[in-house]
Amino acid sequence: QVQLVESGGGLAQAGGSLTLSCAASGSIFSIPAMNWYRQAPGEQRQLVSTIFSDSTTHYADSVKGRFTISRDNTKNTVYLQMNSLKPEDTADYYCNALVVDNSRRGPRNYWGQGTRVTVSS
């Protein structure tokens, strides 16, 4: 089994910054991709950013130039540095990982519990 634990959410002012972290633990052989999603109240969950094991990254247009995703493969941890925050960034942010376990099964999809980000104007 694999667990994802997020941290770093909270309250920020518009124009401010926050950094989210997500650490994966458990039976992990490799993590081909790690993602950040967000879900605002009353809206569907949306993909914010992806980072692959070779460090290739992708961003939603709404966060390009403001958010930076990175990962530490030695710690199985993914980060999301969020700068120039806007009120519309307010949402619950979820970590997601595609994991191949130590029995070489997968990749399987795992989710964190979510962390709330609130940006005030």
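The values are calculated or read from the model by the stated rules, or taken from the named source; none is laboratory data. Everything quoted here is computed from the prediction, not taken from an experiment. Neighbour counts are summed over all protein chains in view; Cβ atoms, including those assigned to glycine, are modelled from backbone coordinates with ideal geometry. Side chains included, ligands, DNA and RNA excluded: accessible areas come from the protein's heavy atoms. Shrake-Rupley method; radii C 1.70, N 1.55, O 1.52, S 1.80 Å.
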Report summary line: Filtering the range 64-74 down to residues that are outside any strand (DSSP E or B) and open to solvent by less than 50 Å² (accessible area, probe 1.4 Å) yields 66
Query raised in the report: Counting only residues that are farther than 20 Å from residue 40 by Cα, in a loop (DSSP other than H, G, I, E, B) and modelled with pLDDT of 95 or more, how many does the range 75-106 have?
Result: 2
Report summary line: Restricting attention to the range 1-25, the residues that are open to solvent by less than 50 Å² (accessible area, probe 1.4 Å) and at positive phi number exactly 2
Query - Filtered residues of the range 104-117 (kept if in contact with a strand residue (DSSP E or B) (Cβ under 6 Å, 6 or more places away or on another chain), within 14 Å of residue 9 (Cα to Cα) and surrounded by fewer than 16 Cβ atoms within 10 Å (Cβ to Cβ)) - result: 116
Report summary line: Checking 101, 61, 92 in turn, the sole residue that is surrounded by fewer than 19 Cβ atoms within 10 Å (Cβ to Cβ), among the acidic types (Asp, Glu) and out of contact with any Ser or Thr (no Cβ under 9 Å at 6 or more places or on another chain) turns out to be 61
Requested in this report: Report, by residue number, each residue of the range 26-42 that is open to solvent by less than 60 Å² (accessible area, probe 1.4 Å) and on the phi > 0 side of the Ramachandran plot.
Outcome: 26
Query raised in the report: Mind checking whether some residue in the range 43-57 is over 11 Å from the mean Cα position of the chain (by Cα) and open to solvent by less than 20 Å² (accessible area, probe 1.4 Å)?
Result: no
Report summary line: Filtering the range 107-121 down to residues that are assigned to a loop (DSSP other than H, G, I, E, B) and over 25 Å from residue 83 (Cβ atoms) yields 107
